[in-house]
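A short write-up of the structure that comes next.
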Amino acid sequence: MSKQMSHLDDIPSTPGKFKMEKSPFVHNRLRWHSSLAKLTFWSCIFLGLILIFFFRSPSSNPLPQDPSRRSLRTYNWGGPAWEKRVRSSARVRSHNGISVLVTGAAGFVGTHVSAALKRRGDGVLGLDNFNDYYDPSLKRARQALLERSGVFIVEGDINDSALLRKLFEVVAFTHVMHLAAQAGVRYAMENPGSYVHSNIAGLVSLLEVCKSANPQPAIVWASSSSVYGLNTKVPFSEKDRTDQPASLYAATKKAGEEIAHTYNHIYGLSLTGLRFFTVYGPWGRPDMAYFFFTRDILKGKSIPIFEAANHGTVARDFTYIDDIVKGCLAALDTAEKSTGSGGKKKGPAQLRVYNLGNTSPVPVSDLVSILERLLKVNAKRDIMKLPRNGDVQFTHANISLAQRELGYKPSTDLQTGLKKFVRWYLSYYNGGKKAAG
Ligand SMILES: NC(=O)c1ccc[n+]([C@@H]2O[C@H](COP(=O)([O-])OP(=O)(O)OC[C@H]3O[C@@H](n4cnc5c(N)ncnc54)[C@H](O)[C@@H]3O)[C@@H](O)[C@H]2O)c1
């Protein structure tokens, strides 16, 4: 047995590379010394090169190459003039007003919510990283719009804790309306890291700063109807299961709800999650169907209309932006104060989740018919099977909880809302002469 084993030990690990020498002991010692000298020599050269590279590099703080983190590197903030703008934007101008930090303020929902808060005299400061998930010039145009009504959007990333801490140092925000996120269902297959970056790491970074702020703000944030995933019980109620997400986007929003629970439980943060159902309207998002259908119908391009198995209808509970804004403001107004301070919980705090939908799902083919009538152009319909890359067959909100507790009552039907969207679209893109993103 032992003979067999020593025989096995003699077999080179890399067959063919190992040759037995005549006097192995002496020769191997010499080889060992020369190898050690060579190793030391090359290590010194290598170390030297690293040091030269490090000292000659313009930034001594190399950041990860992940494109979703680029934003942390390039933004400029701070200084007395900047602080003055921050303070002035966040100043409350009405009796009983609140001061709100709105993340994702250059986004579709963020712009509308910021403008509505400002209109009623609340203090509003925006924060957005202006990423290029969709045409950033649309975000810049929304920023210009807000600027005119006195809302300053700080350019920065929610993962930048130093920036967030600075903002809370300059302004004692009573509320945070957290809308910054990586949205979109299909893009998750292309850039999954951006969902983790904004929807998970970014949320934790924001909550960390909020929990340590003194006073702690109350937080209202955007979850999504997508958390219902493959749930088939309709209409979707907050009590239904949300453990079968159909996309990474949905999974990160679901994770957000669990993270919210943790920060509420440990630190006493008041947290309200709003599950939005397919929001549409003027200044909307170019990656959403109603938006790119409009663009493509005008261009004479065919548009994909999905159908489920056995010619099943794909439908969405389209919710008009003004109704969503009312729901957001009602959530802010009914949010109780957080109970902790300086990172310590002092008592139980409010934790809520609400559906904000329209309660009347519309088949996507009907959406196209409405657009055809409004644009006075016939669409080239391309009927396709619903791909399994994140979309669900239908969404339908039960909104009785939001109705009862927030006084939420959506009042815009799809026909009326799309009419407003199309009017905005045509004027913004100059009747289709300016390219839609
Ligand atoms: N629009 C809808 O139909 C819908 C439906 C369900 C949920 N939601 C949620 O509502 C919120 C607002 O959605 P929207 O439609 O306005 O999307 P949006 O993409 O127009 O707005 C999000 C904004 O957040 C910014 N942002 C993203 N990551 C950031 C980061 N790490 N740091 C700073 N800013 C960042 C983006 O630049 C963008 O301007 C999102 O949380 C979204 O997931 C939207």
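Every number in this text was worked out from the coordinates using simple rules, so none of it is lab data. Everything numeric in this text was worked out from a predicted model, so none of it was measured. Every residue, glycine among them, receives a Cβ derived from its backbone with ideal geometry; neighbour counts consider all protein chains shown.
Sorting the segments 366-378, 326-338 by their residues' average number of neighbouring beta-carbon atoms within 10 angstrom, most packed first, yields 326-338, 366-378. Under 5 Å from the amide H of Thr395 lie the amide H atoms of Ala315, Arg316, Asp317, each residue being 5 or more positions distant or on a separate chain, with H modelled from the backbone and absent for Pro and chain starts. At full extension, Asp132 and Asn430 could sit 105.0 nm farther apart than now, given 0.36 nm per residue minus the alpha carbon distance.
Residues Thr416, Thr174, arranged from fewest to most other Cβ atoms within 10 angstrom of their Cβ, appear as Thr416, Thr174. Given a Förster distance of 35 Å, report the FRET efficiency between Arg85 and Arg423 from their Cβ-Cβ distance, rounded to the nearest 0.05. Plugging the Cβ-Cβ distance into 1/(1 + (r/R0)^6) gives 0.60. The distance between label points at Leu351 and Tyr75 comes to 2.9 nm (points 7 Å beyond Cα on the Cα→Cβ vector).
Sparse packing (at most 14 other Cβ atoms within 10 Å of the Cβ) combined with a DSSP loop state is found for the following trypsin sites (Lys or Arg not before Pro) in region 97-192: Arg120.
By its C-alpha gyration tensor, with a ≥ b ≥ c as the square roots of the eigenvalues, how is region 292-437 shaped: rounded for a/c under 1.5, else prolate for a/b larger than b/c, else oblate? Show your work: numbers first, answer last.
Numbers: a/c = 2.44, a/b = 1.86, b/c = 1.31.
Prolate shape, in that a/c is at least 1.5 and a/b is the bigger ratio.
Would you kindly state how much longer the chain becomes between Asp287 and Val92 on full extension, computed as 0.36 nm times their sequence separation minus their alpha carbon distance, in nm to one decimal?
Values: separation 195, 0.36 × 195 = 70.20 nm, distance 3.46 nm.
My answer for the length gained is 66.7 nm.
Taking a ≥ b ≥ c as the square roots of the eigenvalues of the Cα gyration tensor, region 176-235 is classed as oblate, since a/c reaches at least 1.5 and a/b does not exceed b/c. Taking amide H positions as modeled 1.01 Å from N, with prolines and chain starts lacking one, no residue 5 or more places away or on another chain lies under 5 Å from Gly184.
Please state the charge dipole magnitude for region 303-355, taken about the Cα centre, from unit charges on C-beta atoms (+1 on K and R, -1 on D and E), reported in debye and rounded to the nearest 20.
Result for region 303-355 is approximately 580 debye, rounded to the nearest 20.
Full extension of the chain segment joining Leu145 with Asn214 gains 21.6 nm, where the gain is 0.36 nm per residue of separation less the Cα-Cα distance. Each Cα pair under 8 Å and six or more residues apart adds its sequence gap; the mean of these over the residue count of region 204-345 is a relative contact order of 38 percent.
In a shell of Cβ-Cβ distance under 12 Å around Arg93, excluding Arg93 itself, what net charge do Lys and Arg (+1) and Asp and Glu (-1) give? All intermediate terms of the calculation are to be shown ahead of the outcome.
On the way: positive: Arg91, Lys118, Arg119, Arg120; negative: Asp122.
With Lys, Arg at +1 and Asp, Glu at -1, the net is +3.
The alpha carbon convex hull volume per residue for region 103-161 rounds to 69 Å³.
Rounded to whole numbers, the Karplus 3J(HN,Hα) couplings from phi for region 415-420 are 4, 5, x, 5, 4, 5 Hz, using 6.51 cos²θ - 1.76 cosθ + 1.60 with θ = phi - 60°, and x at Gly and Pro. Exposure proxy ranking for Ser226, Ser302, Ser247, based on other Cβ atoms within 10 angstrom of each Cβ and starting from the fewest, stands as Ser302, Ser247, Ser226.
Rule-of-thumb check for region 355-437: C-alpha Rg over 2.2 N^0.38 Å? The partial results should precede the final answer.
Working: Rg = 16.2 Å, N = 83, 2.2 N^0.38 = 11.8 Å.
So the Cα radius of gyration is 1.37 times the expected 2.2 N^0.38 Å.
Using only the Cα atoms of region 366-412, build the gyration tensor, take square roots of its eigenvalues as a ≥ b ≥ c, and label the shape rounded, prolate or oblate: rounded if a/c is under 1.5, else prolate if a/b is larger than b/c, else oblate. Judged from the Cα gyration tensor, region 366-412 comes out oblate (a/c at least 1.5, b/c at or above a/b).
Compute the Kirkwood hydrodynamic radius of region 256-313, taking the inverse of the mean of 1/r over all pairs of distinct Cα atoms, and give it in Å to one decimal. Display every interim value, and only then the final one.
Values: mean 1/r = 0.0656 Å⁻¹.
It is 15.2 Å.
Based on the Cβ-Cβ distance of Arg404 and Glu190, what FRET efficiency does E = 1/(1 + (r/R0)^6) give at R0 = 60 Å, to the nearest 0.05? The pair Arg404/Glu190 has a calculated efficiency of 0.90. Shown for Trp77, Trp221, Trp283: other C-beta atoms within 10 Å of each C-beta, ranked fewest to most, produce the order Trp77, Trp283, Trp221.
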